[in-house]
Amino acid sequence: MQKQSHSFSRYLIVGIVGIIALSILTVITASAPSHLTDTNASANTRTKKTANIHLTKREKKVAGKYKLTKLQTRTASKTPITAIGDSVMLDVKPNIKQAFRHSVVNGSVGRQFYSLPKIVRDLKAHGHLGKYIVINLGTNGPPTQVDIDSVLKTVSQKRQIFWINTRVPRHWQATTNRLISKNAKKHANVHVSIGIKPVKVTLAGLPVTGFMLI
């Protein structure tokens, strides 16, 4: 059973790390100078960059484990991020730090969104709030616009926020995701990341909970 649990944990980890890496890479590419955003020029530039990337032994291990490209792996390795969440973030902390060497991961069991404003203020005060911030909260209760506004004020427009959609069989799922979408449309530095949802499957005749990307 322990092996099965580890297998599903890996799926979840791969999902979260992949989401973060792809989301951050998308924003970095989108913010490149205009002469690099032409479709052909951008494709050629990425091809040249990828060809010139020689992964270290450690990076090769990360790329294989999380199914990342060379460019995604190097981007993750060099990019400082701050990841904040509940028990899920706590569980995957070692793996996020493996892929994102310059990361600060702050997770807690049962954490609700109302605690986020203070957490963000404290991280900023201690110099631990990175340029790229990943938020995975909402499973244990919905956010309020007041708390979101407080977080955005502390973060400022100089930082990018990646908010992972909530997938939980509770009545506040729709409220949470609606607020995520609303603020992503309103603020250029807020991005919605594809979520992960739990699924019930059977392994060796036993019901277990796994995770799948959506």
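The values are calculated or read from the model by the stated rules, or taken from the named source; none is laboratory data. Because the structure is predicted, anything quoted here is derived from the model rather than measured. A quick note on method: Cβ atoms are made from the backbone with ideal geometry, for glycine too, and the neighbour counts reach across all protein chains shown.
Counting only residues that are in a strand (DSSP E or B) and either without any contact (Cβ under 8 Å) to a residue 60 or more places away in the chain or exposed (fewer than 13 other Cβ atoms within 10 Å of the Cβ) (or both), how many does segment 149-162 have?
Of the residues in segment 149-162, the ones in a strand (DSSP E or B) are 160-162.
Filter again for either without any contact (Cβ under 8 Å) to a residue 60 or more places away in the chain or exposed (fewer than 13 other Cβ atoms within 10 Å of the Cβ) (or both), leaving 161.
So the answer is 1.
Quick test of your reading of the structure: residue 115 fulfils all but one of (1) crowded, with 19+ Cβ neighbours inside 10 Å; (2) at pLDDT 90 or above. Name the failing condition by number.
All conditions pass for residue 115, except number (1).
Does residue 120 satisfy the condition of being surrounded by 15 or more Cβ atoms within 10 Å (Cβ to Cβ), within 15 Å of the chain's Cα centre (by Cα) and not basic (Lys, Arg)?
Numbers: surrounded by 15 or more Cβ atoms within 10 Å (Cβ to Cβ): yes; within 15 Å of the chain's Cα centre (by Cα): no; not basic (Lys, Arg): yes.
No.
Looking at 55, 36, can you tell me which residue is out of contact with any Asp or Glu (no Cβ under 9 Å at 6 or more places or on another chain), surrounded by fewer than 20 Cβ atoms within 10 Å (Cβ to Cβ), among the aliphatic types (A, V, I, L, M) and modelled with pLDDT of 85 or more? Working first, answer last.
On the way: 36 fails: modelled with pLDDT of 85 or more.
Matching residue, one of 55, 36: 55.
So, restricting to strands (runs of 3 or more DSSP E) that lie completely within segment 163-214, which ones have at least 3 residues that are closer than 18 Å to residue 142 by Cβ, in contact with an Asp or Glu (Cβ under 7 Å, 6 or more places away or on another chain) and modelled with pLDDT under 80?
Values: elements: 190-193, 196-203, 206-213.
Counting at least 3 such residues, we get no strands (runs of 3 or more DSSP E) at all.
Return the residue satisfying two criteria in turn: it lies in segment 95-108 and is more than 20 Å from residue 165 (Cα to Cα) and aliphatic (A, V, I, L, M), and of such residues it is modelled with the lowest pLDDT.
99
Scan segment 51-84 for residues that are in contact (Cβ under 8 Å) with a residue 12 or more places away in the chain, at negative phi and not in a helix (DSSP H, G or I) and report the count.
Adding up the residues that qualify gives 10.
Being at pLDDT below 90, in contact with a helix residue (DSSP H, G or I) (Cβ under 6 Å, 6 or more places away or on another chain) and closer than 18 Å to residue 132 by Cβ, is that true of even one residue in segment 85-94? It would help to see each step written out before you state the result.
Of the residues in segment 85-94, the ones at pLDDT below 90 are 87-94.
From what is left, the residues that are in contact with a helix residue (DSSP H, G or I) (Cβ under 6 Å, 6 or more places away or on another chain) are 92.
Retained after the next criterion (residues that are closer than 18 Å to residue 132 by Cβ): 92.
For segment 85-94, residues at pLDDT below 90, in contact with a helix residue (DSSP H, G or I) (Cβ under 6 Å, 6 or more places away or on another chain) and closer than 18 Å to residue 132 by Cβ: present.
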